[in-house]
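K.L.:
Structure provided below as structure tokens; questions to follow.
None of the figures in this text is laboratory data; all of them are computed from the coordinates on show. Remember, it's a predicted structure, so these values are computed and weren't measured experimentally. Because the Cβ atoms are built from the backbone with ideal geometry, glycine has one as well, and the counts that use them run over all protein chains shown.
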Amino acid sequence: MDPHQFESVIPRSEYRDFLDLADRGARQLHGRVIWNVNSTAQGGGVVELLRPLLGYARGSGVDARWVVISGNPEFFVITKRLHNHLHGADGDGGALTREEQRVYEGALAGNAAELVGLVQPNDVVILHDPQTAGLIDAVRTTGAAVIWRCHVGLDHGNALARVAWDFLRPYVLDADGYVFSRAAYVWDGLAQERIAVIQPSIDVFSPKNAEQSVAQRLSILSRAGIVPQRATVAPTFTRCDGTPGRVDRTAEMRQLAPLSPEDRVITQVSRWDALKDPIGVMSGFADHVAGRSGAHLLLAGPATAAVSDDPEGAAVYAEVDAAWQRLPAEVRRRVHLASLPMADTDENAAIVDALQRYADVVVQKSIAEGFGLTVAEAMWKERPVVASRVGGIQDQIVDGESGVLISDPHDLRAFGTAVAELLVDGDRARRIGAAARERVREHFLGPRHLAQYLKLIQRLDTRDRESLTRRRSRSPRPPGAH
Ligand code: UDP
């Protein structure tokens, strides 16, 4: 991916700094591979981050690569449990003891052997999230610098989070650097000098965020079976690799009747995950929005069979469906569940882009959120966003200026009222939307993110050199040496 694309979206001086940095990075990292390791090639925020960062790094001449580990179902049940605990929630309520550690290590052993065979001593390996923490020890034996990046966390560590920290700490301690998305997420007991705080970013040129004309967006939603209507243009978009793509698959809709083009729509796009609180969104809509406006609610997420490292998706979707069936018929008619096709990642992204752009108000009523890319995505599209004041969402939205934050994510009345007010006050919604885009431009784009990564790698290199010099100066002189 060509870093020159940023010329059109960031101020001139920042753009020049970015090109300089890309150039310096390529020279400094020449001959080294920057490996990224995670546990799924599609679905979720980490994938969304990795693709463009790798793309722009490679486009700048850095040999960045991405490998995905494999795991068995028991492994993913445990890592999802760890994920939930790191968010302060108990998830499936299962244990995280020596026995789970055994299963976790067992599943990673084969991955470790494969990875060690690929990595060279001068390389840098960035391991993402709990699924890969158990690889740190093995990767260190290669001599490469190892960074562990944790994309999840909670604002105030609780007992459940500590259980996950205690489980993971022995694996994580020896990493050369730890990256967290917020300072508040840093665990107890990690070496301060190895910590870096790096916030995520979105790729504004990807099919997820690329500009779409109104006709194109309507055509995509119509072809996907979400808002049926007569299309005037083909449902096309540009793929990540620059080739033309077109939406051909349809979403699976759970609804009494389709949306019509004149309906106003409140949208949340998320994995089917209890921490995204889709049932809370539905109740908030039913109790505090439906009676005050004729708007519809659209909850969209990936078709549940598709996300390999998220075993809870299907069960959460089933609960959402059951709650939908319990809604009074008049409200149920205005609530639509969309399971989006995932077979083609770019196609899925184009549908998400169209959905976010189509929404009158975007919501993200998460109970906990590492960062919440969906928030930045909607903000870039100038949508007014109503979201919970949790995790990284509070770093993105300045309340009342670039979105609306709900202090208590369980306060359905506050949530519904904020949504209803934005629906009636078009001027405020537009003002907030415009400010939201500027906020993303300033803080949440790739150039800032890549610069922070490069700085971290430079820091590790300097430390390496210093410790080598110290070791040399401490070692006794061989006899006869002067
Ligand atoms: N997403 C998607 N298709 C879907 C649902 C979600 O592409 O059907 C994307 C969404 O647009 C965002 C990412 O998945 O880019 C989710 O990242 P976020 O940080 O919001 O939450 P996470 O899933 O990592 O908890």
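K.L.:
Along the charge dipole of the chain, pointing to its positive end and built from +1/-1 on Cβ of Lys, Arg, Asp and Glu, which listed residue (221, 268, 4) has its Cα farthest out?
P.N.:
Result: 4.
K.L.:
Also: Evaluate E = 1/(1 + (r/R0)^6) for residue 101 and residue 159, where r is the Cβ-Cβ distance and R0 equals 25 Å; express this FRET efficiency to the nearest 0.05.
P.N.:
Values: r = 19 Å, r/R0 = 0.75.
E(calc), rounded to 0.05, equals 0.85.
K.L.:
Distance in nm between label sites at residue 192 and residue 448, each 7 Å beyond Cα in the beta-carbon direction?
P.N.:
2.5 nm
K.L.:
Can you work out the PRE-style zone for residue 263? Point 7 Å along Cα to Cβ, and I want the residues of the range 226-247 with backbone N under 18 Å.
P.N.:
Those under the cut-off are 226-231.
K.L.:
Considering the options 341, 359, 372, tell which one lies farthest towards the positive end of the dipole of the range 332-376, charges being +1 on Lys and Arg and -1 on Asp and Glu at the Cβ, about the Cα centre.
P.N.:
Ranked along the dipole, the leading option is 359.
K.L.:
I would also like to ask the following. Treat each spin label as a single point 7 Å out from the Cα along the C-beta direction, and report the residue 458 to residue 184 distance in nm.
P.N.:
3.1 nm
K.L.:
Could I ask something else about it? Starting from a Cα-only point model with no solvent, please compute log10 I(q)/I(0) by Debye for the range 396-453 at q = 0.13, 0.18, 0.30 1/Å.
P.N.:
Taking Cα atoms of the range 396-453 as identical point scatterers yields -0.43, -0.69, -1.15.
K.L.:
Return the equivalent ellipsoid semi-axes of the range 129-181 as a descending list in whole Å, where each equals the square root of 5 times an eigenvalue of the C-alpha gyration tensor.
P.N.:
On the way: eigenvalues 96, 27, 12 Å².
One finds semi-axes of 22, 12, 8 Å for the range 129-181.
K.L.:
Find the Cα radius of gyration of the range 150-309, compare it with 2.2 N^0.38 Å by division, and give the number to two decimals.
P.N.:
Numbers: Rg = 21.2 Å, N = 160, 2.2 N^0.38 = 15.1 Å.
That ratio works out to 1.40.
K.L.:
Using 29 Å as the Cα-Cα cut-off, could you pick out the over-long pairs in 208/365; 208/276; 80/455; 276/381?
P.N.:
Beyond 29 Å: 80/455.
K.L.:
If contacts are Cα pairs under 8 angstrom and at least 6 residues apart, what is the relative contact order of the chain in percent? Spell out each step's value before the answer.
P.N.:
Details: 890 pairs, mean separation 66.8, N = 482.
Reported as a whole number, the value is 14 percent.
K.L.:
Apply 1/(1 + (r/R0)^6) to the Cβ-Cβ distance of residue 230 and residue 41, taking R0 = 45 Å, and write down the FRET efficiency to the nearest 0.05.
P.N.:
Approximately 0.80, to the nearest 0.05.
K.L.:
FRET efficiency for residue 2 and residue 169, Cβ-Cβ distance as r, R0 = 56 Å, nearest 0.05? Don't jump to the answer; show the numbers that get you there.
P.N.:
Working: r = 41 Å, r/R0 = 0.73.
In this case the efficiency is close to 0.85.
K.L.:
Another question about this same structure. Counting only C-alpha contacts under 8 Å and six or more residues apart, can you give the relative contact order of the range 143-199 as a whole percent?
P.N.:
Details: 63 pairs, mean separation 24.4, N = 57.
Relative contact order, the range 143-199: 43 percent.
K.L.:
Just from its helices, what would the mean residue ellipticity at 222 nm be for the chain, if runs of 4 or more DSSP H residues each count -39500 (n - 2.57) and the sum is divided by every residue, rounded to the nearest 500 deg cm²/dmol?
P.N.:
Numbers: 17 runs with 216 residues, N = 482.
My calculation for the chain gives -14000 deg cm²/dmol from helical runs alone.
K.L.:
Next question, about the same structure. Sorted from fewest to most neighbouring beta carbons within 10 Å, what does the list 282, 379 look like?
P.N.:
Details: 282 24, 379 29.
Least to most surrounded, the residues fall as 282, 379.
K.L.:
If I histogram all Cα-Cα distances within the range 25-95 using bins 5 Å wide from 0, what percent of pairs lands in each bin?
P.N.:
In whole percents, the pair-distance histogram is 3, 14, 19, 18, 14, 11, 9, 7, 3, 1.
K.L.:
Follow-up. Just the ratio, please: alpha-carbon radius of gyration of the range 67-127 over 2.2 N^0.38 Å, N its number of residues.
P.N.:
1.32
K.L.:
I need the Kirkwood Rh of the chain: take the reciprocal of the average 1/r across all distinct C-alpha pairs and report it in angstrom. Present the calculation step by step, with values, prior to reporting the outcome.
P.N.:
Details: mean 1/r = 0.0426 Å⁻¹.
About 23.5 Å, per the Kirkwood formula over Cα pairs.
K.L.:
Within 14 Å, Cβ to Cβ, of residue 49, how many net charges do the neighbouring residues add up to if Lys/Arg are +1 and Asp/Glu are -1? Mind dumping the intermediate values first?
P.N.:
Working: positive: 51, 149, 208, 448; negative: 48, 129, 203, 377.
Taking every other residue near residue 49 into account, the sum is 0.
K.L.:
Also, I was wondering about something else. How high is the relative contact order of the range 294-376, in percent, with contacts defined as C-alpha pairs under 8 Å that are six or more residues apart? Please list the in-between numbers first.
P.N.:
Numbers: 50 pairs, mean separation 28.2, N = 83.
In percent, rounded to a whole number, it is 34.
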